[in-house]
Amino acid sequence: MLRFDEVLSKALEEPIDREEALYLFRETEDHACAEELMKTARSVREKAMGNVFRWSAGIASVLRCRLKPLCGYCPYWRGTDKKPLTIPEILKGVEYIVQHGIKEFHLSGGTTLRGDGRDMLEIIQAIRHAGYEEQAIDVNCGAAVSLQALKEFKQLNVRLVRSVFETVNPEVFKRAKPGDDLDEKKKFAHLIGEAGLEFGTGIMAGLSPQASKYQDYVDFMFHVKTYAHLTSVYVSKFFPVQGIPMEQYPQCSQWEAARVISVMRLVLRDIEIGAAAGWERHEHPTPLLAGSGNRVGGIHINRAPQYDMTPSHQAHCFYQDNLEFYDNMEDSENHYREFGIRILA
């Protein structure tokens with residue numbers, strides 16, 4: 001018979017198992033218990049990863065998504081007139097990031113399933129040829145890069161490539177991502193390691209139905225744990241946007257997404273766990289309180305959207321030349337300072 005306090009006490013010293021992870025999800029529907037879970041997750045993060053935090057940034061929509069049909073939760077590429085960022089626009093974004101002292105950023109695109117990755121390679125080469133040689137680059141464009149291209153990424157100082165599952169429940173994946181292929185994503189995850197690159201992935205909190213969601217979260221965590229080259233997982237939060245097929249699907253609560261981060265921290269001790277789309281940055285509990293990792297997203301650049309984002313996102317945006325510049329550095333710095341944390345470049 002599991003006891004809540006005993007499971008948390010054990011978790012301070014060693015990874016929890018499947019049964020314990022599922023138990024913690026069920027026990028922490030109560031907010032007081034959830035707070036205890038998050039306190040434990042923060043302690044584990046500090047012990048496993050230390051207290052040095054660094055800025056990161058991102059540039060999205062660098063490639064068109066050619067999945068057919070598009071993922072049911074995704075608002076990107078719904079309009080036929082939307083265009084991916086050009087290389088000059090991407091370089092403008094890189095310049096903005098570098099001017100703010102940030103030394104690492106990710107490039108996110110749409111997916112051309114079973115593509116060879118030459119389009120993303122061209123972008124990375126252009127960035128390096130423009131003189132941005134020291135910045136670490138992460139790549140996220142789905143299972144759309146060949147082994148040869150991955151090896152060339154490595155030569156260009158790409159650090160990490162993502163194969164984002166969102167879920168490993170085949171039925172949920174097929175329903176939410178009918179144009180994508182879970183098996184291809186798993187094969188791609190192994191290919192990333194074969195090329196000598198770090199592997200990153202992601203999960204979407206709130207994607208699974210009520211009956212299976214906790215089991216699906218646990219299955220995801222213990223599946224990705226099997227990849228020896230896994231170094232990063234992000235947690236996005238389902239947020240309904242007008243015009244998407246899942247528009248009427250219930251929004252994932254901040255508490256549920258935070259508990260996903262916390263339980264994941266107790267399973268994947270020293271993995272960088274980040275927060276992605278859908279989070280309300282000023283709502284409690286924040287990713288930091290839930291035990292997220294030591295990378296803080298300060299800047300994100302995208303094509304100016306044709307849909308409404310969360311209010312906290314809009315509050316930190318300015319628009320220029322059909323680009324959206326989301327700059328959350330000051331707000332994040334203030335939030336982390338409350339906990340005595342300084343974010344380094």
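The values are calculated or read from the model by the stated rules, or taken from the named source; none is laboratory data. Here the structure is a predicted model, which means the values were calculated and not measured. Here the Cβ positions follow ideal geometry from the backbone for every residue, glycine too, while neighbour counts run over all protein chains shown.
Pick from Gln242, Gln254, Gln248: which is polar (S, T, N, Q) and without any contact (Cβ under 8 Å) to a residue 24 or more places away in the chain? Let's see the steps before the verdict.
Working: Gln242 fails: without any contact (Cβ under 8 Å) to a residue 24 or more places away in the chain; Gln254 fails: without any contact (Cβ under 8 Å) to a residue 24 or more places away in the chain.
Residue meeting the stated conditions: Gln248.
Could you list all residues from the range 6-20 that are farther than 22 Å from Thr286 by Cβ and in contact (Cβ under 8 Å) with a residue 12 or more places away in the chain? Spell out the reasoning first.
Initially, the range 6-20 is screened for residues farther than 22 Å from Thr286 by Cβ, giving 6-7, 9-10, 13-20.
Within the range 6-20, Val7, Pro15, Ile16, Arg18, Glu19, Glu20 qualify.
Do the conditions hold for Glu29, that is, is it within 29 Å of Glu13 (Cα to Cα), out of contact with any Cys (no Cβ under 8 Å at 6 or more places or on another chain) and part of a loop (DSSP other than H, G, I, E, B)? It is true that Glu29 is within 29 Å of Glu13 (Cα to Cα), out of contact with any Cys (no Cβ under 8 Å at 6 or more places or on another chain) and part of a loop (DSSP other than H, G, I, E, B).
I'm trying to understand the selection: among the residues of the range 72-90, which are surrounded by 14 or more Cβ atoms within 10 Å (Cβ to Cβ), on the phi < 0 side of the Ramachandran plot and either in contact (Cβ under 8 Å) with a residue 40 or more places away in the chain or part of a loop (DSSP other than H, G, I, E, B) (or both)? Working first, answer last.
Of the range 72-90, the ones surrounded by 14 or more Cβ atoms within 10 Å (Cβ to Cβ) are 72-78, 82, 84-85, 87, 89-90.
Right, trim to on the phi < 0 side of the Ramachandran plot and you get 72-76, 78, 82, 84-85, 87, 89-90.
The answer is Gly72, Tyr73, Cys74, Pro75, Tyr76, Arg78, Lys82, Pro84, Leu85, Glu89.
Counting residues in the range 46-64 that are outside any loop (DSSP other than H, G, I, E, B), more than 22 Å from the chain's Cα centre (by Cα), at negative phi and modelled with pLDDT of 95 or more gives one or more. I need a count of the residues in the range 91-115 that are in a loop (DSSP other than H, G, I, E, B) and at pLDDT 95 or above. The qualifying residues number 4.
Conditions (1) in contact with an Asp or Glu (Cβ under 9 Å, 6 or more places away or on another chain); (2) basic (Lys, Arg), marked per residue:
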residue	(1), (2)
Lys83	no, yes
Asp116	no, no
Gln125	yes, no
Gly131	no, no
Val168	yes, no
Lys177	yes, yes
Asp181	no, no
